[in-house]
Amino acid sequence: MAAPLVLGILVAVTVRAVLYRSSLAGFISERVEVTSPLNAWKRVVEGLALLDLGVSPYSGDVFHETPLIIYLFHFLIEYSELVFMVSFMQCISMSDSFRSFSLVQFKKQKLLMELDRYASDVAELIRTPMEMHYIPLKVALFYLLNPYTVMSCVAKSTCAINNTVIAFFILATIKGSTLLSAIFLALATYQSLYPLTLFAPALLYLLQLQFIPVKLKSKGFWLYTTQYAALYLCSLVVIVGLSFFLLNSWDFILSVYGFILSVPDLTPNIGLFWYFFAEMFEHFSLFFVCVFQINVFFYTIPLAVKLKEHPIFFLFVQLAIISIFKSYPTVGDVALYMAFLPLWSHLYRFLRNIFILSCVLIVCSLLFPVLWHLWIYAGSANSNFYYAITLTFNVGQILLISDYFYAFLRREYYLTHGLYLTRKDGTEAMLVLK
């Protein structure tokens, strides 16, 4: 499996290197689908220029990245392309993560079969060792060669660095390292705030590895939860304190996190916020900003209750929710959760609309630049056209995740109750999930 992975990495590096040196690099870096006011490379360059002049990069309304990012590129500005080329190598950590996860899942599946927890007629639903063996390779290649990932890398969007941090967080969690998981989660939260919601799936997975039952009356549960939460909060405090030490100012708090939460920049993107708030009266905006922002956090608790036995699938769904409902999403965010799709290849037989939804997402991706050109350059369209395709793209994502969620629950039900359901009178029954 190493040879195909190395070949995939070489192809991915070659594609990115060619695009870096082509005229397309400038075009891609200006695309609103690929960069946002939070992670655009030209804004990082502006921040670096202000820092070199002895002016706080947060004194204006241009730079909204974290202090650690600006100081990283302060020393590595000459090697920025190399930094982004290395950042996409997170595929190796993701591959390693899912290799470990597949091994754990295979052992768990074998144990449940030995304990007769599965129905007798579900042999065709059981994942084979050969099928699980190639999952890490598929995940790595799916991420490496995804056009969304390629464009984010070529545009030098700092979203690629955020994704790298999250990939290392996933690796540390699956490997069972409580300390490293808490540190990388704190770093991911520091970078973009929304990964805070990944605390729940990470905790549930680590509890599983420690064989601690998820029960509110269990002392072990509360002890481990407190330990993990303390490590996470202490790491976050240290990172924020280091940022203050570097800048000798708290200006970055409002410029980064206030900017993410209040959504003052309504530059068009692939998200749901910009058009809605551009059309809204000012005195209603605070209420609806709160309503929109709650979407990212609202689903965490019900999903944690429903998927407490399946924290990695919970993590996948939560990453998708973040990419859909965050205030300044880009295609790089979409690429991260899409890298998980090969992990759920065993659900394909239960997916109802996968072909239609795949076509919707592909067509929307192709129409983004077309409608943008008609609106901004040709003047033959308006913002309604672009927002319509944005809305369609997000609805497609929501339906895709809903379809996977339905397929996952359906397979779990069949594993327990049998693939061929019958009524009391012996006739065939139809499964309806409500």
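The values are calculated or read from the model by the stated rules, or taken from the named source; none is laboratory data. Given the structure is predicted, the values throughout are model-derived calculations rather than measurements. So basically every Cβ, Gly included, is an ideal-geometry build from the backbone, and we count neighbours across all protein chains shown. The area values use the complete protein model at the heavy-atom level, side chains included, leaving out ligands, DNA and RNA. Shrake-Rupley method; radii C 1.70, N 1.55, O 1.52, S 1.80 Å.
Dipole orientation for the chain: of the candidates F259, H346, A381, H346 has the Cα lying most toward the positive pole (charges on Cβ; Lys, Arg +1; Asp, Glu -1).
Let me know the Kirkwood hydrodynamic radius for the range 320-384, please, with Cα pairs as the basis and the value in Å to one decimal.
Numbers: mean 1/r = 0.0705 Å⁻¹.
About 14.2 Å for the range 320-384.
Just the number, please: carbon plus sulfur as a percent of the accessible area of the chain, 1.4 Å probe, no ligands or DNA/RNA counted.
C and S atoms contribute 70 percent here.
Computed from the Cβ-Cβ distance with R0 of 56 Å, the FRET efficiency linking E282 to S23 stands at 0.85.
Shown for the chain are the DSSP H helices of 30 Å or more along their axis, judged by Cα atoms, with a mean Kyte-Doolittle hydropathy of at least -1.0: 90-114, 219-247, 383-417.
What FRET efficiency would be calculated for the residue pair F75, Y406, taking the C-beta separation as r and a Förster radius of 51 Å, to the nearest 0.05?
On the way: r = 48 Å, r/R0 = 0.95.
Efficiency at R0 = 51 Å is approximately 0.60.
In the chain, if the dipole is taken from +1 on Lys/Arg beta carbons and -1 on Asp/Glu beta carbons about the Cα centre, which of T226, Q210, P67 is farthest to the positive end? Of T226, Q210, P67, it is Q210.
Note the full-extension length gain between V13 and K42 as 0.36 nm times their separation in residues minus their Cα-Cα distance, in nm to one decimal. So the chain would gain 8.2 nm between V13 and K42.
Accessible area per residue, 1.4 Å probe, Å², for the chain: what's the number? All intermediate terms of the calculation are to be shown ahead of the outcome.
Details: 20730 Å² over 434 residues.
For the chain, the per-residue accessible area is 48 Å².
Distance between the 7 Å Cα→Cβ label points at C290 and L125: 4.4 nm. Taking every alpha-carbon pair within the chain, the share separated by more than 32 Å comes to 40 percent.
Counting Lys and Arg as +1 and Asp and Glu as -1 over every other residue whose Cβ lies under 15 Å from the Cβ of V263, the net charge comes to -3. Let a ≥ b ≥ c be the square roots of the eigenvalues of the Cα gyration tensor of the range 124-245; is it rounded (a/c under 1.5), or, if not, prolate (a/b larger than b/c) or oblate? Oblate is the answer for the range 124-245, as a/c is 1.5 or above yet b/c matches or exceeds a/b.
Across the chain, the longest run free of exposed loop sites, meaning chymotrypsin sites (Phe, Trp or Tyr not before Pro) lying outside DSSP classes H, G, I, E and B with no more than 11 other Cβ atoms within 10 Å, spans 1-210.
If you place +1 on the Cβ of every Lys and Arg, -1 on the Cβ of every Asp and Glu, and leave all else neutral, what size is the dipole of the chain about its Cα centre, to the nearest 20 Debye?
Numbers: 27 positive and 24 negative charges, 286 e Å.
Dipole of the chain, to the nearest 20 debye: 1380 debye.
Name the residue farthest towards the positive end of the dipole of the chain from the options A40, F314, F297, assuming +1 on Cβ of Lys and Arg, -1 on Cβ of Asp and Glu, about the Cα centre. Projecting each Cα onto the dipole axis, the largest value belongs to F314.
Placing pseudo-labels 7 Å out from each Cα toward the beta carbon at L53 and T392 gives an inter-label distance of 4.4 nm.
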